[in-house]
1. To check you understand DSSP bridge types, tell me what percent of the beta bridges within segment 1-135 (both residues inside) are antiparallel, rounded to 5.
2. Report the antiparallel proportion of the DSSP beta bridges in the chain as a percent, rounded to a multiple of 5.
3. PRE reach from residue 45 (point 7 Å along Cα→Cβ): which of segment 166-199 fall under 11 Å by backbone N?
4. How much accessible area does residue 128 have with a 1.4 Å probe, in Å² rounded to the nearest 10?
5. Beyond a 21 Å Cα-Cα separation, which of these cross-linked pairs lie in this structure: 121/180; 180/219; 138/245; 144/219; 121/196; 108/196?
6. Any idea of residue 121's accessible area? Nearest 10 Å², probe 1.4 Å.
7. Heavy atoms only, probe 1.4 angstrom, no DNA, RNA or ligands counted: give me 307, 298, 189 ranked by accessible area, highest first.
8. For the chain, what is the largest minus smallest coordinate of the Cα atoms on each principal axis, given in angstrom and ordered from greatest to least?
Amino acid sequence: MSDTTHDPGPDAASDRLDGVSPDIAASPLRIGDSATIRIGTASWTDPTMTAAGVFYPEGADSAEERLNYYASRFPVVEVDATYYALPVRRTAELWVERTPPDFVFDIKAHALLTGQPTETKRLPRAIRDALPPTLADKARLYAKDLPGELQAEVWHQFADGLAPLAESGQLGAVFLQYPKWFFTSSENRDAIREAKAALEPYGLRVAVEFRNATWFNEKNAERTLRFLSDHDLAFVMVDEPQGFKSSVPPTVAVTSPDLAIVRFHGRNAETWEARGITPAERFRYLYDRAELQEWVPRVRQAATKARETYVLMNNCFSNYGTTNAREMAALLSDLEPEDDARPG
């Protein structure tokens, strides 16, 4: 992308924060008597983000130091690694140990939990060893391929791995992010209900993000939101490129009184459905101030209807996400960031 406004490089992104306190997003914003807005990013470990001089201070080289520093700047983070590999308790225990007690982790559901394939080699050894010979040699598997008892074990291991977060009160929500081929249907609504029923007994709150436009076309939008409300499922509002079959409009709706979520994916249409690139490249987009300002009244509106609101920047290339997160915090706090207009 050659757009110098939306991909200016890390130095220019950092310059945007002149005059903005580095602590502007460190604590939840209070709305009214009890509602809060937490602002953060969808990663703290992307290689473009951990590169020297981008976001972390010199010397913050270990996983512990980086998470500790991140948690001093933002009160929420999204974990993407759980999409690729089932979480393990020890990792979650370390996250709890390395963060303040009011810091929150949002967790992306494992691929198998949302109808997507996973690499067989990434499954835990006990599950791999239990695979029938016809499945053990496959490079990738879907949940529907697995015997029923192994499907149940996947759900159990996912929930068990997150137990330390749930027990400490630091688990925000599990994001059920459904793929672009997951279209609106009674069968797929059943799948969402079943996912909630499988996770709730473990104390895991769930939220739903769609990547198929049929859920929000003229015929189905109202029905989709009513379905989520009827089952107390938090709807993940999104800002993302439009015009694709996988595009969901920037609908503002709160379908659970406990939680509202907004995820910012950037607006880079060129990479939105591109194959063979990293997530950082896919969402490589720095929002300008006007684009963020569009969401200020929307976020405030959502925050009046939910006890907690999470605003997550998924444009985690370099310091783009952390820059936009701080700018959004400043806008929501009625502080004025420096004018981000740049020549060229």
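The values are calculated or read from the model by the stated rules, or taken from the named source; none is laboratory data. Predicted model, so just to flag it, every value in this text is computed and none were measured. Positions of Cβ are generated from backbone atoms using ideal geometry, with glycine treated the same way; all protein chains shown enter the neighbour counts. Note: accessible area is taken over every heavy atom of the protein model, side chains too, but ligands, DNA and RNA are not part of it. Shrake-Rupley method; radii C 1.70, N 1.55, O 1.52, S 1.80 Å.
1. In segment 1-135, DSSP labels about 40 percent of beta bridges as antiparallel.
2. 15 percent
3. Hits in segment 166-199 for residue 45 at 11 Å: none.
4. That residue has around 70 Å² of solvent-accessible surface.
5. Flagged as over cut-off: 121/180; 138/245; 144/219; 121/196.
6. Accessible surface of residue 121 is approximately 150 Å².
7. Final ranking, largest accessible area leading: 307, 298, 189.
8. Its Cα atoms span 60, 50, 44 Å along the three principal axes.
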